[in-house]
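Working notes, beginning with the structure itself.
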Amino acid sequence: MSVGLRVATRDDLPVLATLERSAMAADAWSPTSLAAELHGVPATRWVVVAQQSDQREDPREDRREDAREDGRDARFDARLDGRVVGYAVLRTVGDTADVHRVVVAEGFRGSGIGRQLVDAVVAEAARRGCTQALLEVAETNVGARALYAAAGFALVARREGYYRDGGAALVLRAEVPRRPVQG
Ligand SMILES: CC(C)(COP(=O)(O)OP(=O)(O)OC[C@H]1O[C@@H](n2cnc3c(N)ncnc32)[C@H](O)[C@@H]1OP(=O)(O)O)[C@@H](O)C(=O)NCCC(=O)NCCS
């Protein structure tokens, strides 16, 4: 099973809402909040989804062929719903990028999708001219902390009582590499 990344569209809202509820529990954003991320100001918001791209057994072969005739990559066709297995949410203001979500569906974890999503948001932050990326992660979230550490995020602060359950958040920061000079 391989996974491709594409920018989220409005059509992704139902699946993102389901993943959000399941992964974030009491701290989940409502569908309205998620919709605001998807429909919000494109200059400051960016949502990327991870979608299964191994379609050998997909009965909708004809639709994918149509997509190819359109000159579009079928792996990134939003009509092929039901295959979204993760997403990440980025907001950028000035030189700072805030990573608000990185979520991978249970059953798809541990195979590098989370890392792909983190690398994608950092790359987008670089494209937008950001120099640093910040995020909050629950102190108890061992998996996410391992992911962010592997991606180069380091501890800068601790926020007591940040989450609904009273748990502390760690504030992590990574340098965003400069965009390569074009031409
Ligand atoms: C955190 C999360 C996104 C990780 O996604 P994933 O696809 O399983 O992560 P990856 O497979 O890309 O792993 C990336 C790195 O993190 C490590 N890692 C991931 N989950 C881990 C775990 N539970 N325990 C230890 N290490 C873990 C991997 O070993 C890997 O390290 P490496 O690059 O040194 O080998 C996923 O567990 C998740 O969706 N959790 C629920 C939502 C959440 O808490 N998101 C973060 C806050 S928004």
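The values are calculated or read from the model by the stated rules, or taken from the named source; none is laboratory data. Given the structure is predicted, the values throughout are model-derived calculations rather than measurements. Virtual Cβ from ideal backbone geometry, glycine too; neighbours counted across all protein chains shown.
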Which listed residue, of Leu80, Leu90, Leu117, Leu147, is crowded, with 16+ Cβ neighbours inside 10 Å, at pLDDT below 95 and either in a loop (DSSP other than H, G, I, E, B) or within 14 Å of the chain's Cα centre (by Cα) (or both)
Leu80
Subset of the range 88-129 that is in contact (Cβ under 8 Å) with a residue 60 or more places away in the chain and under 20 Å from Val156 (Cβ atoms) - its residue that is nearest to the ligand (Cβ to nearest atom)
Arg101
Looking only at the range 130-144, how many residues end up being near the ligand (Cβ under 6 Å from one of its atoms) and either outside any strand (DSSP E or B) or modelled with pLDDT under 95 (or both)?
4
